[in-house]
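Shown next, in structure tokens, is the structure this report addresses.
The values are calculated or read from the model by the stated rules, or taken from the named source; none is laboratory data. As the structure is a computational prediction, the values presented were derived from the model and not from experiment. So basically every Cβ, Gly included, is an ideal-geometry build from the backbone, and we count neighbours across all protein chains shown. In case anyone asks, the SASA skips ligands and DNA or RNA and just uses the protein heavy atoms, side chains included. Shrake-Rupley method; radii C 1.70, N 1.55, O 1.52, S 1.80 Å.
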Amino acid sequence: MGEIFASPSVEQVYLVTKAVASEAGALYCYGNYTGDVLNFGLAAERLISEGIDVRVLPVTDDVASAPAEKAHERRGVAGDLAVFKIAGAAAEAGMKLDDVERVAIKANKNTVSFGVAFSGCTLPGAKEPLFTVPAQRIGVGLGCPKYEELFVLWVSVEAELKKAGLTAVEPEVGEYVTSMDMAGCSLTLTWLDDELEKLWCA
């Protein structure tokens, strides 16, 4: 797909979509990063001009990257998982593209993530990490450690959710959206209505 942390090219997006798109059309979901927005957007324009119905949805769940009034500028991080899962379940259930897009937009709007990092990640071949975090400090807006630590952390998170009167529906704890060897963790919440809950649980 190209260099690590780089978007696939317009041509790659275009060719893959041409190979798999049906009369139902296609929905592009991806994290809200400049390269992805540009390349998927250009590929979508090209495909639309050829008669293929393509919709575009950047995921914008990272509350650390922009305030609520600029939610459209937020990055897409671990919230990708919830939005992709719900959109995929809608498509698998045979919903029309309009409805798949609608539930994906709703899931994205209802999803927030917050992450912290304890160390930076190192790209293959690099001599040092992209960034460092001083001892006894954390970096805000990043994340991902091992399962054992995540399960220990989840016990505390679940208790806080219950204390706030919230019910966790089929929670997932694990390595879902990672950045190489970066140590850290993130919490994603998707506020479910009856429709989204059914698709999340599918």
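Against the chain, whose longest principal axis comes from its Cα atoms, helix 147-163 is set at around 90 degrees.
Against the chain, whose longest principal axis comes from its Cα atoms, helix 97-109 is set at around 20 degrees. For the stretch 20-76, the average shadow cast by the Cα convex hull is 4.3 nm², which is a quarter of the hull's surface.
Counting lysine pairs in the chain that sit 8 or more residues apart in sequence, or on different chains, and whose Cα atoms lie under 21 Å apart gives 12. Taking amide hydrogens as placed 1.01 Å from N in the peptide plane, the amide H of Tyr30 sits under 5 Å from those of Leu57, Val59, each at least 5 positions away in sequence or on another chain.
Of all the options Lys109, Lys96, Lys85, the one that moves most in a Gaussian network model of the chain with Cα springs shorter than 10 angstrom is Lys96. Here the dipole of the chain is about 380 debye; that uses its Cα centre as origin and unit charges on the Cβ of Lys and Arg (positive) and Asp and Glu (negative). Phi-derived couplings, Karplus 6.51 cos²θ - 1.76 cosθ + 1.60 at θ = phi - 60°, listed residue by residue for the stretch 172-186: 10, 10, x, 8, 10, 10, 10, 10, 6, 9, 4, 9, x, 7, 9 Hz, with x used for Gly and Pro. For the residues Leu123, Leu187, Leu27, a GNM of the chain with alpha-carbon springs under 10 Å puts the largest fluctuation on Leu123. Among the GluC sites (Glu not before Pro) in the stretch 1-98, those located in a DSSP loop and surrounded by at most 15 other Cβ atoms within 10 Å of their own Cβ are Glu3, Glu23, Glu50.
Over the chain, average the accessible area per residue using a 1.4 Å probe and give it in Å², no decimals. It amounts to 60 Å² per residue over the chain. In the stretch 129-201, one over the average inverse separation of all distinct C-alpha pairs is 14.3 Å, which is the Kirkwood hydrodynamic radius. Close amide H partners of Val133, meaning residues 5 or more places away or on another chain with modelled amide H under 5 Å apart, are Gly120.
Counting only protein heavy atoms and a probe of 1.4 Å, the accessible surface of the chain is 57% carbon and sulfur.
Over the chain, DSSP H runs of length four or greater, each weighted -39,500 (n - 2.57), average out per residue to a 222 nm ellipticity of -12000 deg cm²/dmol. Add +1 for every Lys or Arg and -1 for every Asp or Glu among the other residues with Cβ under 15 Å from the Cβ of Ala43, and state the total. The answer is -2. Label point of Phe5 set 7 angstrom out along Cα-Cβ; within the stretch 39-67, amide nitrogens under 18 Å from it belong to 62, 64-66. Using the Karplus relation 6.51 cos²θ - 1.76 cosθ + 1.60 with θ = phi - 60°, the per-residue 3J(HN,Hα) values for the stretch 57-62 come to 9, x, 7, 9, 9, 6 Hz, with x marking Gly and Pro. When both the stretch 62-76 and the stretch 1-49 are represented by their alpha-carbon centers, they are found 22 Å apart. Enter the angle in degrees (range 0 to 90, nearest 10) between the Cα long axis of helix 79-92 and the first principal axis of the Cα atoms of the chain, meaning the one along which they spread out most. Orientation of helix 79-92: about 40 degrees from the principal axis.
Where both partners of a DSSP beta bridge lie in the chain, what percent of those bridges are antiparallel, to the nearest 5? If I count the DSSP bridges inside the chain, around 60 percent turn out antiparallel.
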